[in-house]
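Engineer: Here it is, the structure in full.
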Amino acid sequence: MLNIEKISLNRGNKEILKNITLTIDTNEKIGLVGVNGAGKSTLLKIVVGREEPDLGAVSFKGGISYLAQETHRGLDVENYPELTIGEYLIIEKNIEVEEWEIKKLLNHLKMEDKDCDSRLGELSGGQKIKVEIIKILLEGSDLLVLDEPTNFLDIPSAEWLMRYLISYPKSVLVVSHDLRLMNKGLSKIWYLNEQTHDVEVYKGNYEQFLKVKALRDEFLVKQLESEEKKAQKVFELAQGLSGRKSIKEKKRAARKFEEAKVMKEEVNELKMKLTRSKRMKIGIPTPIPSSVNVLEVKNISKAYIQSIPVLRNISFNVQRGDRLAIIGKNGVGKTTLLKILAGKQEAISGSYEWGYGTDVGYYAQENEELDLNLTVWQNVERLDWGNMDKRKFLGGFLISGDMVDQKVCTLSGGEKTRLALAKLFAG
């Protein structure tokens, strides 16, 4: 159904994809895995025609529906705030569906308080993403290409969606950190190796992939040790022959040197396959201790359209050393509360007070603090770095070399996250 034929892609001096050939057959469920920045999102964009490879081609028979990793940026539903959910899906998107089917999906995605008559402009960011997901599911395309579909979903919604994808009657290609949620339904794993820039195909589900890859790596280690010994023996033989006076022996030595060279190249290729991904080594500056009372919140309330309450009389306090997590369904106001405390929005009533000496850092859900049109370096150069070595600090977040000159919009989702964290801790 889908053929990927020898595609390659470079960005500047950075190799992203190299000579990748893959196929997707009818009704296959495939999980694409690999470290952040390996090129997973780029590969998906090439599959759906959003990006062109430098070499190679993609051919497909049928219809494709695509959910981008950064769906929250420029959501289609944002263009129709006055339309209801039903009007958007049935009239604007021309999907043949009954209202009860839409309501059923809304319930599955924990939007029980919404129906076909709910206006798009009244929805939270997470709820709008759910409507976008519903649109994609209702399109019934031959291939669903989903890039981190659970990123902005609450836990029950994420679990339901991954179960739904298992039973989807056509093909699915998905990137997700929650592949265990659809583990039993996967037929293949595509592993994008960031060292070789190629995709290794493993038959079976995610758990089977982890086991097979571990065994494969163990075998490669033994093979590498064996090949290194063989290459060294050939090299030593060539050295011995080269010291002899006979022309015949010298020619033989030259052949052996060439053989040793080839064997060492093969050894280097094995080493490349076994090279472990780099890990972040973060040295977070130690902040000056604040007062014991870090934050006091009193009766904060917030409402949006038509005075519908999002937060109502929220009160709590935070002591130095506390670790708190805010949980809840999409749309209940978690992000709104954080934005109020970070000074990004105003409450309609109530107050909050940060304790003396409290230095507040804010990490936005959607990397709002990053300017996508500037380079990595331009995003961080004006921060108050103190005595820190800028390059070394960024290197701890795996941001180094030519990457600092890239525009932020060209970074992967994971790379943007690391940059946003580096900016947070450096500032």
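Engineer: Quick check, is Leu120 in contact with a Pro (Cβ under 6 Å, 6 or more places away or on another chain) and buried (at least 17 other Cβ atoms within 10 Å of the Cβ)?
Structural biologist: Yes: the conditions hold for Leu120.
Engineer: Test Phe209 against the criterion of being modelled with pLDDT of 85 or more, more than 23 Å from Glu132 (Cβ to Cβ) and either among the acidic types (Asp, Glu) or more than 19 Å from the chain's Cα centre (by Cα) (or both), and give yes or no.
Structural biologist: yes
Engineer: Any residue that is of a type in the set (Ser, Thr, Tyr), open to solvent by 30 Å² or more (accessible area, probe 1.4 Å) and under 26 Å from the mean Cα position of the chain (by Cα) - is there at least one of those in segment 357-373?
Structural biologist: Yes, that holds for at least one residue.
Engineer: Here is a follow-up. Out of the residues in segment 186-197 that are open to solvent by less than 20 Å² (accessible area, probe 1.4 Å) and within 18 Å of Asp25 (Cα to Cα), state the one that is farthest from the chain's Cα centre (by Cα).
Structural biologist: Top of the filtered list is Leu186.
Engineer: Scan segment 331-347 and tell me whether some residue there is assigned to a strand (DSSP E or B), open to solvent by less than 50 Å² (accessible area, probe 1.4 Å), of a type outside the set (Phe, Trp, Tyr) and farther than 28 Å from Ser291 by Cβ.
Structural biologist: no
Engineer: Restricting to segment 317-330, give me the number of residues that are loosely packed, with under 13 Cβ neighbours inside 10 Å and either in contact with a helix residue (DSSP H, G or I) (Cβ under 6 Å, 6 or more places away or on another chain) or within 30 Å of Thr150 (Cα to Cα) (or both).
Structural biologist: Residues meeting the conditions: 7.
Engineer: Let me ask something else about it. Scan segment 97-116 for residues that are open to solvent by 10 Å² or more (accessible area, probe 1.4 Å) and out of contact with any Asp or Glu (no Cβ under 9 Å at 6 or more places or on another chain) and jot them down.
Structural biologist: Val97, Glu98, Trp100, Glu101, Lys104, Leu105, Asn107, His108, Glu112, Asp113
Engineer: Filter segment 382-399 for residues that are modelled with pLDDT of 80 or more and either under 21 Å from the mean Cα position of the chain (by Cα) or of a type in the set (S, T, N, Q) (or both); which is nearest to Lys281 (Cα to Cα)?
Structural biologist: This residue is Gly396.
Engineer: How about segment 375-410: which of its residues are part of a loop (DSSP other than H, G, I, E, B) and either more than 21 Å from Arg11 (Cα to Cα) or out of contact with any helix residue (DSSP H, G or I) (no Cβ under 9 Å at 6 or more places or on another chain) (or both)?
Structural biologist: Glu381, Arg382, Leu383, Asp384, Trp385, Gly386, Asn387, Met388, Asp389
Engineer: What is the one condition in (1) out of contact with any Gly (no Cβ under 8 Å at 6 or more places or on another chain); (2) in a helix (DSSP H, G or I) that Glu415 does not satisfy?
Structural biologist: (1)
Engineer: Okay, moving on. In the list Pro169, Pro149, which residue meets the criterion of being assigned to a loop (DSSP other than H, G, I, E, B), surrounded by 19 or more Cβ atoms within 10 Å (Cβ to Cβ) and not polar (S, T, N, Q)?
Structural biologist: Within the list Pro169, Pro149, the selection yields Pro149.
Engineer: Taking segment 285-316 on its own, how many of its residues are open to solvent by 70 Å² or more (accessible area, probe 1.4 Å), part of a loop (DSSP other than H, G, I, E, B) and not β-branched (Val, Ile, Thr)?
Structural biologist: Of the residues in that region, 3 qualify.
Engineer: What do you reckon, is Met272 exposed (fewer than 15 other Cβ atoms within 10 Å of the Cβ), assigned to a helix (DSSP H, G or I) and at pLDDT below 70?
Structural biologist: Yes.
Engineer: Further, regarding this structure: Identify the single condition in (1) open to solvent by less than 40 Å² (accessible area, probe 1.4 Å); (2) in contact (Cβ under 8 Å) with a residue 24 or more places away in the chain that Ile399 does not satisfy, given that it satisfies every other one.
Structural biologist: The single condition Ile399 does not satisfy is (2).
Engineer: Name the single residue that is surrounded by the fewest Cβ atoms within 10 Å (Cβ to Cβ) among those in segment 204-238 being over 16 Å from Tyr191 (Cβ atoms) and touching a residue at least 40 places away in the same chain (Cβ under 8 Å).
Structural biologist: The residue in question is Val221.
The values are calculated or read from the model by the stated rules, or taken from the named source; none is laboratory data. Everything numeric here is computed off the predicted structure, so don't read it as measured data. All Cβ positions, even for glycine, are placed from backbone atoms using ideal geometry, and neighbour counts span all protein chains on display. Note: accessible area is taken over every heavy atom of the protein model, side chains too, but ligands, DNA and RNA are not part of it. Shrake-Rupley method; radii C 1.70, N 1.55, O 1.52, S 1.80 Å.
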